[in-house]
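J.: For reference, the structure I am asking about is given below.
The values are calculated or read from the model by the stated rules, or taken from the named source; none is laboratory data. The structure presented is a predicted model; accordingly, all values stated were derived computationally and were not measured. Positions of Cβ are backbone-derived with ideal geometry, glycine not excepted, and every protein chain shown enters the neighbour counts. These accessible areas exclude ligands, DNA and RNA; they are computed on the full protein's heavy atoms, side chains included. Shrake-Rupley method; radii C 1.70, N 1.55, O 1.52, S 1.80 Å.
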Amino acid sequence: MHCYPLIVEPCHVLKQASFYGVALWLACSVATVSPTSAQNLSQRRSWTDVSGRHSVDAQMVDFNEIAVKLHTGKRAVVMQRNKLSKADREYLEACDILRQSADQASSIVSQLETDNLRNASLMAALEAIGKSSPSGLVSDFYLGGLKPVQTRKEVEIKEAIRINQRVISAIKKVQQHFPGVHTKTLASVYNNQAVVAARNGSAEGFANFLKLSGEATPGTLSFATHHNASLLLSSKIDLGGARRTLQTVVGLGDPEPGPRVQSRLHYTFAHDPFHFQMESSNTSSSDGSDSDSMETTGNTAPVSLDELTLVSSGSAFLLTPQYAMTNRHVVKDVEVFLLTNDHGLEVKATVLAVSSDVHIDLAILKLDQSIDVPPLHIRKSNPRQEEEIVALGYPLPGRYEPSLMSNRGSISKFMIDGKNMLHTATVEPGNSGGPCVDLSGRVAGVNYATDRQNEVRNYAVLPEDAARFAEDSGVELPSPILATHATFADTIEACREAVLMVHCYAIARPSPPSAPSTGGSSGGDRSATQHSLLADDCCLWCGGRTYVTCPSCINGKTSIRRVVIVGRSVDGSPISAPKTFKQDCPRCNLGKVSCPACGGTGNSH
């Protein structure tokens, strides 16, 4: 059993992780691309109205779903999108895809927790981000490759195919107006479609998609595409006419160098930069108007953290006006903390104490200044089994708006260590350090982990141990004030100000050099990070279905011929003739036999 800590870690520096026993690194160039490599949507071009009678040569300054703002060099012009020509509307649709892809990318960076890919909340987060910017392609780009490795359900595999087709369609729309953009991204999507086709037992589909992947980047063959084509060519699988197509694929271009990888088909998340830039015109109009964009947003945080990098986030709650409690794993390897709440509070904090007891995942933060917010009170006795509670915290800031989330549940079990408990209130990454409160608003537990592999289990430190740790750390806890709330809604409002979001900042450090792969490299100095590879764990022969078609029958039935009596002659002697009978195949079950390559497990070896 593996319990996932509830801290959210943005992927500024991605960690190596294991998924089905295979290393995966997702290269988030979305966070590091330089402006010079971004798509520039502000080139000067001719804009025409829907009638075709009027046009203007201008630079696009800004756009939204309703209008586009242009600048001719002398004056600003705002045109409604539905009044533009079909070609201009299609151009803006391509711009929508690029802009919303950049918006998705900035949110997705904080969701790609490579040590938690099996958690369904990651997929839900990607889907939510996709819905928030429906024209973007980044969310679908990752979903199309991650869905097949998270499940073997046929309905999910079909959904992955549809998702990949959406990405392909979006990229082609962009390339009509921005030739050469997202060629690497397109090659990756075609490669991933090929792996799914192989999972479905279609050698022809596998070969055709790999051919499209190779053709997307003329002269160069991506590492994953070359590896996948070569792998099936070297296998003993009957490829039929697909073998010739795969031979063509490996000759489409020079293969990228890459790491030594396992003999499995690989998905890839290598992509072109998802950022773009808008260059505002610096000229002023003759009538004195300026060329500012249609809308300017943004604000400056009162706390300066310019030299630091946001690396994760969690939750906490006030013990006193100057101390807050959170989890040990939240504060690990972090230099500075910024605490915020729903009421606009922003205060920096540092670590005062960290629990040395392996069973107590707690830490205490000291605020830089006392704040005028009533703290929460930790109850003196542990809760009873089935007692109702509410879990409070700030989960998944990239998925939800950064406001307090509450989930109601009850105490289900106490751990044998006597210091922790299980409860049924839903918690997710980001809830780390958040309190579970009873109807009176007293802290009845401190969340620290969740386990969603087999059945949902949510873990919290018991209040007696939390209070003891705080007092041992020199924090003088205030005397509890007995409060009675009519409903949990009243309780949540009473606690809202004292529950904090913890923004964890660290000094940006250069990434360590990649360790050499075991067994050496296949050439060059590229690392797996540059290729963003994810191995498919399914058997090449059966595609993870655990069975293959029985070679001895058709749909579980075999035909046998017997000589039987079909009639009688005039003198009564029997007339015999051969006749074909259907019978159940003794070797299989309804035409399916256990895959001989994987022994019926469906897993690659």
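J.: Pick out, from 66, 100, 77, the residue whose Cα sits farthest towards the positive end of the charge dipole of the stretch 60-104, with +1 on the Cβ of Lys and Arg and -1 on the Cβ of Asp and Glu.
T.: Looking along the dipole axis, the top candidate is 77.
J.: So, taking all protein chains as they sit and a 1.4 Å probe, how much accessible area belongs to residue 557, in Å² rounded to tens?
T.: Accessible area, nearest 10 Å²: 90 Å².
J.: Taking a probe of 1.4 angstrom, what is the accessible area of residue 158 in Å², to the nearest 10?
T.: 100 Å²
J.: Right, something else. Can you list residues whose amide H is under 5 Å from residue 67's amide H, if they're 5+ apart or on another chain and H is modeled 1.01 Å from N?
T.: 81
J.: Moving on. Considering amide H positions built from the backbone, and no H for Pro or chain starts, which residues 5 or more places from residue 393, or on another chain, come under 5 Å of its amide H?
T.: Under 5 Å from the amide H of residue 393 lie the amide H atoms of 405, each far enough along the sequence or on another chain.
J.: Here is a further query. Packing-wise, with mean Cβ within 10 Å as the measure, how do 410-418, 560-568 rank, highest first?
T.: Ranked by mean Cβ neighbours within 10 Å, highest first: 410-418, 560-568.
J.: Let me ask you something else. Among the lysines, which have Cα under 25 Å from the Cα of residue 74 when same-chain residues fewer than 8 positions away are ignored?
T.: Once the sequence-local lysines are set aside, what remains near residue 74 is 83.
J.: If packing is taken as the average count of other Cβ atoms within 10 Å, what order do 75-83, 460-468, 327-335 fall into, highest mean first?
T.: By packing density, highest mean first, the sequence is 460-468, 327-335, 75-83.
J.: Additional query: Using only the Cα atoms of the stretch 119-262, build the gyration tensor, take square roots of its eigenvalues as a ≥ b ≥ c, and label the shape rounded, prolate or oblate: rounded if a/c is under 1.5, else prolate if a/b is larger than b/c, else oblate. Intermediate values should be presented prior to the final figure.
T.: Values: a/c = 1.97, a/b = 1.32, b/c = 1.50.
The shape class here is oblate.
J.: Sorted by accessible area (1.4 Å probe), largest first, how do 217, 424 line up?
T.: From most exposed to least exposed: 424, 217.
J.: Another question, then. Ignoring ligands and nucleic acids, what accessible area does residue 421 show with a 1.4 Å probe (Å², nearest 10)?
T.: Around 0 Å² of this residue is reachable by solvent.
J.: Report, ordered by chain and residue number, the lysines lying within cross-link reach of residue 153, taken as a straight Cα distance under 24 Å and ignoring same-chain residues fewer than 8 apart.
T.: Partners found: 131, 592.
J.: What lysines does residue 332 reach when the alpha-carbon gap must be under 17 Å and sequence neighbours fewer than 8 apart in one chain are set aside?
T.: Counting by Cα, and skipping residues close in sequence, residue 332 has these lysines nearby: 15, 348, 366.
J.: Enumerate the calculated ³J(HN,Hα) couplings along the stretch 63-73 in order (Karplus 6.51 cos²θ - 1.76 cosθ + 1.60, θ = phi - 60°), each rounded to whole Hz, writing x wherever the residue is Gly or Pro.
T.: Coupling constants for the stretch 63-73: 7, 9, 6, 10, 9, 10, 9, 10, 9, 7, x Hz.
J.: Mind listing the phi-derived Karplus ³J(HN,Hα) values for the stretch 135-145, rounded to whole Hz, using 6.51, -1.76 and 1.60 with θ = phi - 60°, and x for any glycine or proline?
T.: Calculated HN-Hα couplings, in order: 7, x, 10, 5, 4, 5, 4, 7, 4, x, x Hz.
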